[in-house]
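Asks: Just passing along the structure, written as structure tokens.
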Amino acid sequence: MSAEAAVQVEGLHRSFGAVKAVDGISFRIERGSVTGFIGANGAGKTTTMRILATLDKPDLGAVQISGIDALGFPNRVRARIGWMPDNYGTYKDMTVFDYLDFFARAYGLRGAERRARVREVMDFTDLATIADREIDKLSKGMGQRLCLGRTLLHDPDFLIMDEPAAGLDPKARIEFKNLVAQLKQWGKTLLISSHILSELGEMCDSLLFIDGGRIVHHGTSDSLLQHHTGGVIYRVTLLGDPAPLHRLVESNPDLALIERLSDGVRIRVPDHDPAGAADLLRVLVLDGLRITGFEREERRLEEAFVEIVKRGSATPPPLP
């Protein structure tokens, strides 16, 4: 195994009875990068993250974090990782400062060093002004920042975040993305799971897709769209009943109906034919349809992921 990567996983297997949660996955995460980890419920995502966090052991395989054998020396690895679960525990009768101070003690920080580190973390997560507020009075966004602060107390190299933006309002999501950007500037390596693919595409250097316990794609969002969305998607709208448009699209073997709309359709046009979209628009107009909109859409990560799963692709394209 190479010690150069922040994380390197080889041949990881984990079963629970007859259920194979992780089925021989291998991947590496570069130092200082932000990787999005995507998968449906039951795909093996959380099991993999728990193994990386040394909270579970695989049946077979190897894991290195910062060049350390995570399975052979879990305590050494724990000093270098920060685990932010999707459902974190808090002591609701404690204040923000007391909570962070408690965990700083648990991490072995003492005296002035501990107090200074707690203040640094509160400043970074924008919790300093509410240091004396009780935890049960925090909003969801503040609670997530508190959990992130706890994760950062011992200054880990590698952060594992399971659905950190779940349930956050738009303002809190923006604040979280800004925190991720700052952590990356500091050289931290992050693995972030989420169901919101569009946000991960914006903040991550690469995306790691898992389905049925297997890695089905590892690369940038651009490489995902390039390899797994054969065609260009257009949104077509019209005046009047859209049923004739639906029928026309369904009868054309060169077109793929993506979605029926109340005022039109979303369709995929083959990208190997530059004139395909222009010819389609001409046919629609000549057919008497009163077209009001014919707009090319940006490809959606969610749709690309669905296509990957449907195709059952097990050979990820190389990282750029």
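The values are calculated or read from the model by the stated rules, or taken from the named source; none is laboratory data. Keep in mind that this is a model prediction, so the values were computed, not measured. We place every Cβ from the backbone using ideal geometry, glycine too, and count neighbours over all the protein chains shown.
Conditions tested, residue by residue: (1) of a type outside the set (Gly, Ala, Ser); (2) touching a strand residue (DSSP E or B) at 6+ places or on another chain (Cβ under 8 Å); (3) buried (at least 17 other Cβ atoms within 10 Å of the Cβ).
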| residue | (1), (2), (3) |
| --- | --- |
| Ser66 | no, yes, yes |
| Ile81 | yes, yes, yes |
| Asp86 | yes, yes, no |
| Thr95 | yes, yes, no |
| Asp98 | yes, no, no |
| Asp101 | yes, no, yes |
| Arg117 | yes, no, yes |
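Asks: Here is a further query. Check off (1) part of a loop (DSSP other than H, G, I, E, B); (2) in the same structural domain as Phe27 (by TED's automatic domain parsing); (3) at pLDDT 90 or above for Asp132 and give me the number that stays unchecked.
Replies: Answer for Asp132: the failing condition is (2).
Asks: Right, another one. For the subset of region 143-181 comprising residues that are acidic (Asp, Glu) and more than 25 Å from Lys92 (Cβ to Cβ), which member is surrounded by the fewest Cβ atoms within 10 Å (Cβ to Cβ)?
Replies: Asp155
Residues are listed down the side, and each one gets a yes or a no for (1) modelled with pLDDT of 95 or more; (2) out of contact with any helix residue (DSSP H, G or I) (no Cβ under 6 Å at 6 or more places or on another chain):
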{"position": "Ala3", "(1), (2)": "no, yes"}
{"position": "Gly11", "(1), (2)": "yes, yes"}
{"position": "Thr48", "(1), (2)": "yes, yes"}
{"position": "Asp59", "(1), (2)": "yes, yes"}
{"position": "Ile65", "(1), (2)": "yes, no"}
{"position": "Ala79", "(1), (2)": "no, yes"}
{"position": "Gly82", "(1), (2)": "yes, no"}
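Asks: From the list Asp263, Asp241, Asp205, which one is out of contact with any helix residue (DSSP H, G or I) (no Cβ under 7 Å at 6 or more places or on another chain), at pLDDT 85 or above and within 30 Å of Lys171 (Cβ to Cβ)?
Replies: Asp205
Asks: While we're looking at this one, here's another question. Select from region 157-203 the residues that are at positive phi and more than 13 Å from the chain's Cα centre (by Cα) and list them in ascending order.
Replies: Passing the criteria: Gly167, Gly187.
Asks: Of all residues in region 66-81, count the ones that are aliphatic (A, V, I, L, M) and under 14 Å from Leu12 (Cα atoms).
Replies: Residues meeting the conditions: 2.
Asks: Can Ala40 be described as in contact (Cβ under 8 Å) with a residue 60 or more places away in the chain and part of a loop (DSSP other than H, G, I, E, B)?
Replies: Taking the combined requirement at face value, the residue satisfies it.
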